[in-house]
Each structure stands twice: as structure tokens, then as C-alpha cells.
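None of the figures in this text is laboratory data; all of them are computed from the coordinates on show. Here the structure is a predicted model, which is why all the values come from computation and not from measurement. Positions of Cβ are backbone-derived with ideal geometry, glycine not excepted, and every protein chain shown enters the neighbour counts.
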Amino acid sequence: MSYSRTSAADRSRADGPQTGGQRAVERRSHVDEPELIRRVLDGDPAAERALYEAHVDRVFRLAFRMAGDEELARDYTQEVFIRAFSHLEGFRGDAALSTWLHRITVTVTLNGLRKVKRRRERELELDEELDRPDDGPGRAEPDLRESLREAIDGLPEHQRLVFVMHELEGYTHEEIGGVLEIATGTSKARLSRARARLREDLAEFAEEYMA
Amino acid sequence: MMGSERDGGSDGGVGRWIREEALRSYNRPPETPTEEIWDAVERRRRARRDPGEGAGPGPDRSRGRWTRPFEGGWAGWGLAVAAALVVGLALGRFSAEPGASGPAGATGESAGERASDGDLYRVATDGHLTRAEALLTSLRTGDAPADVDPDLGRWAGELLAETRLYLDSPAAADPGTRALLEDLELVLVQVAVADRAGPGGAGDRERAREAMEERDLLLRLRNATPPVPTTYGS
């Protein structure tokens with residue numbers, strides 16, 4: 001089974017001026033996946049590195065888009081490959097290796113972010129109580145990008161994930177379905193709801209900016 | 001083809017604007033730090049294969065992950081001193097323990113080589129949990145504010161800072177220990193808040209007691225710490 005390139009045009013568009021995604025696509029197109037996996041399982045260090053290089057960019061980008069923090073994204077990416085090498089023997093090959101890796105990426109990232117969120121909420125609760133901030137003037141009106149960020153961050157997790165994967169990282173609905181183990185139609189529906197919610201939240205900003 | 005056309009629906013100008021702006025600005029990834037991540041992956045994999053190398057699993061300490069608990073600000077130097085004392089005591093206790101070298105000459109290893117990071121963290125964590133047990137016992141038995149140790153809030157604050165340190169350390173790698181530390185953190189927050197509220201903190205103190213009872217925290221702390229000193233690593 002050869003590795004199939006999917007959504008190369010979309011991915012290059014998602015990358016914009018960046019070429020990391022394109023380089024990764026080019027590397028992957030020359031790799032025979034089952035052979036690579038076999039060599040990795042045989043303990044070939046060069047094969048391990050080749051597997052890593054073929055996928056690290058997309059894994060890191062997805063982790064970063066979700067986490068918004070480089071240190072977290074690095075940690076999650078590390079964890080993905082640690083797990084991948086540990087469990088590669090169990091990879092059955094019924095999906096593409098990238099699908100399997102991105103599934104691990106989503107799991108690791110979402111679990112990690114939930115822990116971070118819980119801890120930050122607790123710390124904030126205590127800090128707010130201890131510091132007793134005065135109820136002074138409200139914070140400045142958020143600017144456009146901040147509002148966009150808040151709107152996307154405010155999406156339900158399953159909608160934000162599909163939005164990020166499809167709109168920002170160029171995954172097709174078929175790829176998303178494979179990674180999240182949902183039907184293609186479900187992926188489309190979640191994206192549609194995410195878009196509708198963002199349009200509603202940002203209509204005022206968008207119209208002003210577009211005008 | 002991205003966007004609405006591929007999905008068969010019309011997204012309109014606003015939707016297109018949102019998508020383009022998000023592409024430009026929402027958590028836009030930097031260049032992938034390929035080599036650094038690979039080095040960290042290799043380090044951790046080597047440590048798993050050969051724990052004697054000392055690289056250890058867990059966060060990449062060389063990037064200062066250990067400094068994160070210090071970013072909280074208010075614990076500051078006190079936290080650093082507490083952490084150093086805890087780890088130093090654990091190291092000193094282990095190395096001084098008679099018989100810590102285990103079966104003499106069995107494998108030719110020294111006590112230092114056999115003492116794993118995991119054992120040291122366990123010793124330090126046990127000490128921490130024992131102190132937490134003492135605080136929670138004081139909380140539980142103090143029915144009226146006057147009965148409660150007047151230093152309880154400060155004590156809770158110090159233990160809270162240490163708990164968060166342990167949560168960020170390999171000590172929390174064990175799921176049971178992690179769950180215990182997280183529940184402890186929750187209760188300590190409430191105790192510290194109650195203290196700051198002064199006389200008005202009775203409600204918070206009561207909530208802390210309720211949280212402690214709901215989670216069987218005192219029982220779990222007692223079960224988690226060894227009743228008698230043990231020789232770790234043997």
C-alpha cells in the first residue's frame with residue numbers, strides 16, 4: 001500500500017507562505033508506508049527518523065492550532081511520537097498511518113488542554129480571591145483578532161476541532177472522519193454549525209472590517 | 001478545494017472573511033521545531049529502554065518546565081525553599097538508611113545506582129501527603145473557627161504550592177497519586193480562601209470539609225502513606 005497524498009492543494013493553501021506542509025507532502029510521497037513500518041519495527045533508526053520526519057510537521061501544526069502555545073504543542077507532539085513508536089506493533093494498517101497518528105494527536109492534545117484548563121481555573125479562582133481585584137473600569141474593547149480568537153476558543157470542543165482541521169489545516173471531511181471516527185456527514189454538520197456560530201458572534205466586526 | 005464550495009454550501013462573504021482571518025491569525029503555527037522535538041523523543045525513549053541513563057521519562061527539564069510552578073508569583077522563594085527541603089530530606093534520608101544498599105553484592109550495584117528517581121519522589125510525596133493529612137485532620141476536628149489552627153490558612157497555602165509542584169513532577173505520573181493530589185489541591189484552595197475571608201470564611205471552611213468528606217480524602221491520604229518507615233528500593 002503506497003501512501004496516498006490527499007488535499008495537497010488544500011494543505012498548501014492552508015500553509016500560505018509556509019512551506020513546511022509542502023515539504024512534508026513531498027517527503028511522504030516517496031515513502032512506501034508498509035515497508036517503512038516494517039523497518040521501524042525491525043529497529044532501523046533511519047526508518048524511525050524517516051517516519052518521524054514524514055509526519056511531525058502536520059502533527060505539530062495540529063497540536064499548535066488547538067493549543068495556541070508552543071511549549072504545549074512541543075510536549076504534545078513529543079508524546080504523540082513516544083506513543084506511536086511504543087504502539088506501532090499494534091497498528092493494523094486498516095487506515096493510513098497519518099490517520100492513526102492524527103488520532104493520537106487529537107487525543108493527547110485535548111486531554112492535555114483539559115488538564116491545563118482545570119489547573120488554570122483553579123489557580124485563577126484562588127488568585128482572584130487572594131488578590132481581590134477591584135471592580136474598576138472594564139477592560140478595553142477587544143480588538144478584531146482578539147474577538148476572533150475568543151469566538152473560536154468559545155466554540156464547543158468538537159466544533160472547534162473540525163473547524164481548525166478543515167478550515168485552517170486543510171483536512172478533508174474524509175480525513176477528519178477517519179481521525180475522529182465520525183461519519184463524513186457528521187464532520188460537515190459540525191463545521192456548518194461552527195461557521196454559523198462564528199458568523200453570528202463576529203458579524204458586527206466582519207461587516208465593519210469588510211466595509 | 002477548501003471552503004464552502006467543496007462542502008456544497010454557500011458560506012458568504014462573512015464566512016470567507018472569518019476563514020481567511022483565522023488562517024492568518026488564529027494560533028498560527030511557527031516553523032516546526034523538528035530537531036528539538038526529535039531530541040526530546042529520543043531522550044525519553046532511551047530513558048525507557050535504559051533507566052540507568054538517568055534521562056527519565058516526563059517533561060523535558062532542560063527547557064525549564066520545572067520553573068513553571070514558580071511562575072505563580074505569590075509562592076515565590078518560599079516554594080523554592082520548601083521544594084529544596086523536601087527533595088533534600090528525601091535524598092538524605094535514603095542515603096543514610098541502613099540497608100539501603102539492599103542485598104550486599106547481589107548485583108554489584110551501589111545504593112545510589114539502585115535508588116531510582118521514582119523512589120525519591122515517592123519518599124518526598126509521602127512526606128507531603130503526611131503533612132496534608134495533619135492539616136485536614138485539624139480542619140476536620142475544628143468545629144468552631146476558634147478551634148481551628150489560626151495558621152491553617154497559611155499552612156494550606158504552603159501545602160497548596162507544594163501540591164502543585166508535585167502535580168507538575170514525575171510524582172504525579174501514577175494515576176492514583178495524581179487523582180489524590182488534584183483532590184487535595186481543590187480542598188486546599190478552599191481552606192486558603194476561607195482563611196483570607198476571615199470571620200466570613202466559615203462557609204468556605206465548611207465547603208472544604210464537605211469536599212474532603214465527599215472525596216474520602218482523609219482516608220485516601222492515610223492509605224497512600226506507609227504506616228511505618230520502609231526501605232525504598234529494596
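Structure notes:
- Remark: mean inter-chain Cβ contacts per residue of A:68-80 equal 4, using a 10 Å Cβ-Cβ cutoff to other protein chain atoms.
- 3J(HN,Hα) couplings calculated from phi for the stretch A:167-176 with the Karplus curve 6.51 cos²θ - 1.76 cosθ + 1.60 (θ = phi - 60°) are, in sequence order, 6, 9, 10, x, 6, 6, 5, 5, 5, 4 Hz; Gly and Pro show x.
- Label-point gap, in nm, between B:Asp216 and B:Glu31 - each point 7 angstrom along Cα→Cβ: 5.5 nm
- The label-point distance for A:Arg103 and A:Arg83, in a model that sets each label 7 Å from Cα toward Cβ, rounds to 1.1 nm.
- The stretch between A:Asp94 and A:Asn111 holds 3.6 nm of extra length on full extension. This uses 0.36 nm per residue minus the Cα-Cα distance.
- Derived scalar couplings ³J(HN,Hα) [the stretch A:42-48; Karplus, 6.51 cos²θ - 1.76 cosθ + 1.60; whole Hz; x for Gly, Pro]: 7, x, 7, x, 5, 5, 4
- Per-residue average of Cβ from other chains inside 10 Å of A:168-177: 2
- Each residue of the stretch A:71-83 is assigned a 3J(HN,Hα), and the resulting list reads 5, 4, 4, 5, 4, 5, 5, 3, 4, 4, 6, 4, 5 Hz, derived from the Karplus form 6.51 cos²θ - 1.76 cosθ + 1.60 (θ = phi - 60°), x at Gly and Pro.
- Shielding by partners - mean other protein chain Cβ count within 10 Å, residues of A:188-199: 3
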